[in-house]
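All remarks here apply to the structure that follows.
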Amino acid sequence: MSHRKIDVKLTIQKVFSSAPESSLSQFGFITCTYSRGDITETTQPFEINKDLNQTFNFLSTFIVKSQKEGTYKEKELQFVIKTVTKKKELFKTSVNLSKFVNSITTSQILNFTYKNLPMQLLYSLQFSGQVHQITKTSQIPQLKRQITSITIPLEKQSAMASSITPTTSTPSKQTTASSQISSGLARSARDARSQNCSSRGDFSGGSVDISRRVGHQRVKSAFSQRPIFLSEMNEVQKENLPEDEAKFVDDIKQVTSLMQFDLESKNMPMTNTLMSELIFEILIKKKAFDGKEDLLEATNTALEETISNDLLFVKQAIYLYSSISRLCLLFKKEYEKSSSSQIGNFIKVLSESIKKLYTKLFEIIKKDLQKLMELIFNKSLMSCDELINFIDDLRKMFEQMRVTKVFINIFVEDLLREINILFIEEVVNPSKKNCCTTIGMNSVMIISFLQDYFRKPHIFQIDCKDQFSVISETSRVLLLNDKSILSDNEARTNICPHLSLAKITSILENLIVKTDQEELSVKKVISQITNTDNFTIVKFDYSDPLLNEYKLNETINKNENWEFIPFDLSTTPLIGRNYFK
């Protein structure tokens, strides 16, 4: 049985979260402790979303499990994240260190949640120095591995030639999905690995053949409380694409990595996102619209996979929303210059992706809005600071991700519509007992707070005249002294034109009355409303937010002078990718 002693370099880079800053303030400083065998070390205290980059070194012995396959017996590396003040454990998990030995250097991301707040532990591993191999059956030469690679995007380093190197390790016991840009290897490191593979009976070549037979395998991960080992999934090169184009497709699927590097670059508001610039430049450079259907199809599939990922958080969703919407506008300019039917078709494909992403974005946001609405109703609408802070956190993310103005306007309109809908749903919820005059009076105050926020000069600035019509009219109905007036169709149209008969009936059915006489009066009004033959046109859409074809095409085809500043790709390690050559 063979053993290998390898120097391991572990770098804890940061704990990242796309949750609102107001929610993260409760944690303060945290620490990350790793354990490997008898070795246990803890980082210095650091804050969430702040770079740490603290490195630890230890020597580890790996027992060869299969010489032919180049695999090793499992070796557990444990992580524990705690708060400094209360020593509260936020996260604990272990990974199989043996899976990464053949990668030489790799960046990893562990996803976890704490009280429904999404977080990610970012760390990297390097296996370097002398690799001492001992065997009881045969003498195997010592191997030397030289590390000359870069890790992106977690540590910004100077641009150098690099490429994405897919690994072919055995799947982890944990759920896995793609979420990293694998480190590129310089020529000397590739030579060393090549020499190593030869001594193992050309294992590397066999692995590629196996990968190609697997084809376009998709790995789906259900979101759960247990950690998701994102970067462990083996992304198979697209068999119909050249190697450089396959690596490009792999790159654009790494949303978290692209976004993180993009945020660190601090670009101007009109600068394209790194993701949109990369896709636009390479598709034009590779002449993808001159018959390269395989590349276009693979690009679209990659975008579809990122959108449908169950691990997508609000920050990543907004980054995708910004990137894909910019791509639509960029290719619209190209279409106007060339009238290429393939570009026109690709714009339609991107439009479908935006519509799906828009729905996904609101699915994520709606869960938080529902909790916030419950919270402010529990306080009898005395304030809505939490709701305004949440909206402001969204605004900051839209600014960070450089979403274009027209696509911001679409989002804000639907966001306010969703707030109106959730408000009245909370009012008419039978178990909450919110149908009372107190809620009616305090609703006026809530409207005032929200209007003050949206009047401020920022990217979410809108005309507030009718944006809170449902909340306002719900308040009117609750405060009416004589509810019988609602039985008259014309009166209803004047008092609450944005409330449907069903909504008005729900308010009256759940109304908290003080006397038996008032109860009889309300029941009579309900009977008259439900038996009315008058057809009332409601001036409000109560359906879930949807970016329909008409609204999207109207936005894309607006005759505006779009101004986009190219993202300087030469400042990123991606410029060394072989698809740029």
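The values are calculated or read from the model by the stated rules, or taken from the named source; none is laboratory data. Keep in mind the model is a prediction, meaning the values are calculated, not measured. Virtual Cβ from ideal backbone geometry, glycine too; neighbours counted across all protein chains shown.
Descriptive notes on the structure:
- Filtered residues of the range 509-546 (kept if under 27 Å from residue 358 (Cβ atoms), surrounded by 12 or more Cβ atoms within 10 Å (Cβ to Cβ) and of a type in the set (A, V, I, L, M)): 538, 546
- Residue 329 being crowded, with 20+ Cβ neighbours inside 10 Å, in contact (Cβ under 8 Å) with a residue 12 or more places away in the chain, among the aliphatic types (A, V, I, L, M) and outside any helix (DSSP H, G or I): no
- Scan of the range 408-464 for residues that are of a type in the set (D, E, K, R) and either outside any loop (DSSP other than H, G, I, E, B) or farther than 28 Å from residue 505 by Cβ (or both), ordered by number: 413, 414, 417, 418, 425, 426, 452, 455, 456, 463
- Taken over the range 66-108, the residue count meeting the criterion of being in contact with a helix residue (DSSP H, G or I) (Cβ under 8 Å, 6 or more places away or on another chain), modelled with pLDDT under 85 and within 29 Å of residue 27 (Cα to Cα) is 3.
- Residue 109 being within 18 Å of residue 54 (Cβ to Cβ), within 17 Å of the chain's Cα centre (by Cα) and in contact (Cβ under 8 Å) with a residue 60 or more places away in the chain: yes
- Output for the range 387-414, where each listed residue is buried (at least 17 other Cβ atoms within 10 Å of the Cβ), acidic (Asp, Glu) and closer than 21 Å to residue 472 by Cα: 414
- Residues that are aliphatic (A, V, I, L, M) and within 27 Å of the chain's Cα centre (by Cα) were ranked within the range 286-304; the one that is nearest to residue 398 (Cα to Cα) is 303.
- Pair list, Cβ < 6 Å and 6+ apart or interchain, from the range 510-528 residues that are more than 25 Å from residue 490 (Cβ to Cβ) to residues that are charged (D, E, K, R) and in a loop (DSSP other than H, G, I, E, B): none
- Residues in the range 466-476 that are of a type outside the set (Asp, Glu) and part of a loop (DSSP other than H, G, I, E, B): 467, 468.
- For the range 269-284, the count of residues that are modelled with pLDDT under 90, touching an Asp or Glu at 6+ places or on another chain (Cβ under 6 Å), outside any helix (DSSP H, G or I) and of a type outside the set (Val, Ile, Thr) is at least one.
- For the range 78-96, the set of residues classified as touching a Phe, Trp or Tyr at 6+ places or on another chain (Cβ under 8 Å) and touching a residue at least 60 places away in the same chain (Cβ under 8 Å) consists of 81, 90, 91, 93, 95, listed by residue number.
- Unmet criterion (only one of (1) in contact with a Gly (Cβ under 7 Å, 6 or more places away or on another chain); (2) part of a strand (DSSP E or B); (3) modelled with pLDDT under 85) for residue 5: (1)
- Identity of the residue in the range 28-62, at negative phi and not in a strand (DSSP E or B), that ends up surrounded by the fewest Cβ atoms within 10 Å (Cβ to Cβ): 38
- Just one of the listed residues (506, 448, 475, 500) is surrounded by fewer than 19 Cβ atoms within 10 Å (Cβ to Cβ) and either touching a residue at least 24 places away in the same chain (Cβ under 8 Å) or closer than 23 Å to residue 433 by Cβ (or both), namely 500.
- Yes/no for residue 65 being closer than 29 Å to residue 314 by Cβ, among the basic types (Lys, Arg), touching an Asp or Glu at 6+ places or on another chain (Cβ under 9 Å) and assigned to a strand (DSSP E or B): no
- Across the range 1-35, the number of residues qualifying as of a type in the set (Asp, Glu) and over 23 Å from residue 311 (Cα atoms) comes to 1.
- Listed conditions (1) under 36 Å from the mean Cα position of the chain (by Cα); (2) at pLDDT 95 or above are all met by residue 467, apart from (2).
- Selection from the range 513-543 of residues that are at pLDDT 85 or above, outside any helix (DSSP H, G or I) and under 27 Å from residue 418 (Cβ atoms): 540, 541, 542, 543
- Count of residues meeting criterion [closer than 19 Å to residue 328 by Cβ and surrounded by 15 or more Cβ atoms within 10 Å (Cβ to Cβ)] in the range 264-296: 17
- Options 43, 11: the member that is within 17 Å of residue 100 (Cα to Cα), out of contact with any helix residue (DSSP H, G or I) (no Cβ under 6 Å at 6 or more places or on another chain) and at pLDDT 90 or above: 11
- Qualifying residue in the range 477-499 (condition: among the hydroxyl-bearing types (Ser, Thr, Tyr), out of contact with any Pro (no Cβ under 6 Å at 6 or more places or on another chain), more than 30 Å from residue 351 (Cα to Cα) and in a loop (DSSP other than H, G, I, E, B)): no
- Per the listing 307, 252, 318, 324, the residue uniquely in contact (Cβ under 8 Å) with a residue 12 or more places away in the chain and either over 16 Å from the mean Cα position of the chain (by Cα) or closer than 19 Å to residue 576 by Cβ (or both) is 252.
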